[in-house]
Amino acid sequence: MAAPAGGAAMTWHEELATLVGDTGIRYPNGDPIDSHHNGQLHGVKTEGFLAYEEEKIVEEPWMDQIKGFVESTAEMMRELGRGCWDIAKQSVQGVEESELVKKMRGPVSEAMEKLSFLNEYLPEDKEPAQAWPVVISVFLIALIVLNIGSSSNEAPTVEAPKKMYIAPPSATRIQLPDGRHLAYLQQGVPLELARFNLIMPHSFLSSRLAGIPGMRPALLEEFGVQLVTYDLPGFGESDPHPDRNLNTSALDMLHLANSLGINDKFWVVGYSGGAIHAWAAVRYIPDNLAGVAMFASMVNPYDPSMNKEERRKTWEKWTAGRKFMYTLARKFPSLLSFFYRRSFLSGTQGQPEKWLSLSLVKKDILLLEEPAFRELWEKDVAESVRQGDTEPFVKEAVIQVSDWGFTLSDLQVQKQKEGRGFLSLLKSLLSPSEKEWTGFLGPIHVWQGMDDTVVPPSMTEFVRRVVPGATVHILHGEGHFSYFCFCDKCHRQIFSTLFGIPQGPLAIEQEIDQPAAEFTQETTILGEITSEETTPEETVTNNSTEQE
């Protein structure tokens, strides 16, 4: 390489500059890099002969990173689903005429038709054929992650579940005409001293031990009440009845009353899911009932008499888990056994709201935390699952959402009066026809908590619309459990509404002299007749609403 003029030797920087020439790299002031700067960049860091300007690295927020990861994962799973779908579609099209495809086409179409209701849970803008592979893939990944987490050697942070204790059998039982045995429990005054007899079927996942939770024996005696609770077939110590329905349920109630010697009419009490059996009594044995008391009355959510608005208000209050269980009970009841064996039939105690997929208000949650409620709940559930069989529970769930054999609108029907003779015929032609109500026309009281999310108020609105004789008591600020369970003031209010002023048990002398007293009252001059059981709620007319 030639030396520069003047004989001075070039540095290696200058030699490199003569070889490379103008690289296009500029100083901040716009001058090119050349040998005259001796490799020193003003305001620019240099490392050897390479010049660069330091860039500020801005770190992306972690929320954006997570969002990007989720979006990219979803996109990847969507593409995977599309690819799997395309491959399956091409495979099926390629072997369309094969024997396997011909045999499987019918069952697959039938299964897809049965499962089509699940598409309702997808967003409206999603194609089921593309969305379900993604959902299934994410579900499988979640299962893998949960299994990995459960198999880790970390110490558990939650206490082991309490084992369920089932007490030795101790119920009194009667034998029914078909040979089955029915277990029952009597509370309150003896039959011969009872002014009022109450028979109460229990709700789902309950037993004869529940009754009216927290009801004081002194209050039963004060009003002269005998309360009889019993185990539904297959629950507690009652024998199962595989072919039972609401008709057989009402007949069991009647046989129980006859076996106990209840010859007069009795009241039937229904709470929550137990109300469906009380409705059955109104339909099938109305002549044996003195009255009906309902609390958070469950009705069939698929009742054909329910209008669209009532159905919408009912379903929107329920959790997704409860909707899913109702759908299984109606479409695939055999799958319920799988879930029941992993919850209340697992042999361990648990939370009612988790087992039954309930969404509870604060007032209910506080009550469930009370020691008295917890103690009764544990005993009641243990007695309910005593036989360890899923079939009674599956049957009960199916009865709730299937055809009852009647609708609530059938309980009180307005029919035209039929007259006889020429005068009646002439009257019917000249004037509007007279009509009368038929069915059970005795008192029907329904108490409804307005904050109840287990049995929403829309169900009681439906009852009031289709059962004109029902008297509805609105309970502001009350949930599903708060008014009916462990509330002395509430229980006294209920009995006062149903029975009036407390008069205590019957006396033997009163029972003997009662016919003569009734005869004297009947012959009293009109206008002077009084009733010993007049209540403050007497002015509440049928088809009205009372504020509690």
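Quick notes on this one:
- For the stretch 204-224, the criterion of being over 21 Å from Tyr483 (Cα atoms), open to solvent by less than 20 Å² (accessible area, probe 1.4 Å) and not in a loop (DSSP other than H, G, I, E, B) is met by none of the residues.
- All of (1) touching a residue at least 60 places away in the same chain (Cβ under 8 Å); (2) surrounded by 14 or more Cβ atoms within 10 Å (Cβ to Cβ) hold for Arg322 with one exception: (1).
- When the stretch 306-319 is filtered for residues that are open to solvent by 30 Å² or more (accessible area, probe 1.4 Å) and either in contact with a Lys or Arg (Cβ under 9 Å, 6 or more places away or on another chain) or assigned to a helix (DSSP H, G or I) (or both), the ones remaining, listed by number, are Asn307, Lys308, Glu309, Arg311, Arg312, Lys313, Trp315.
- Only listed residue being at pLDDT 95 or above, part of a strand (DSSP E or B) and among the β-branched types (Val, Ile, Thr), chosen from Val292, Val299: Val292
- Per the listing Arg386, Arg374, the residue uniquely part of a loop (DSSP other than H, G, I, E, B) and either free of Cβ contacts under 8 Å to residues at least 12 places away in the same chain or over 17 Å from Gly273 (Cα atoms) (or both) is Arg386.
- Restricting Phe295, Phe338, Phe332 to those that are surrounded by 15 or more Cβ atoms within 10 Å (Cβ to Cβ) and more than 23 Å from Asn247 (Cβ to Cβ) reduces the list to Phe295.
- Residues of the stretch 233-267 classified as within 19 Å of Leu209 (Cβ to Cβ) and either over 24 Å from the mean Cα position of the chain (by Cα) or at pLDDT below 95 (or both), total: 8
- Scanning the stretch 389-420 for residues that are in contact with a Ser or Thr (Cβ under 6 Å, 6 or more places away or on another chain) and either farther than 27 Å from Met459 by Cβ or part of a loop (DSSP other than H, G, I, E, B) (or both) yields a count of 3.
- Residue match in the stretch 470-477 (condition: closer than 23 Å to Arg195 by Cα, under 22 Å from the mean Cα position of the chain (by Cα) and either at pLDDT 65 or above or in a helix (DSSP H, G or I) (or both)): no
The values are calculated or read from the model by the stated rules, or taken from the named source; none is laboratory data. All of these numbers come straight from a predicted model, not from anything done at the bench. We place every Cβ from the backbone using ideal geometry, glycine too, and count neighbours over all the protein chains shown. Surface areas here come from the heavy atoms of the whole protein model, side chains and all, with no ligands, DNA or RNA. Shrake-Rupley method; radii C 1.70, N 1.55, O 1.52, S 1.80 Å.
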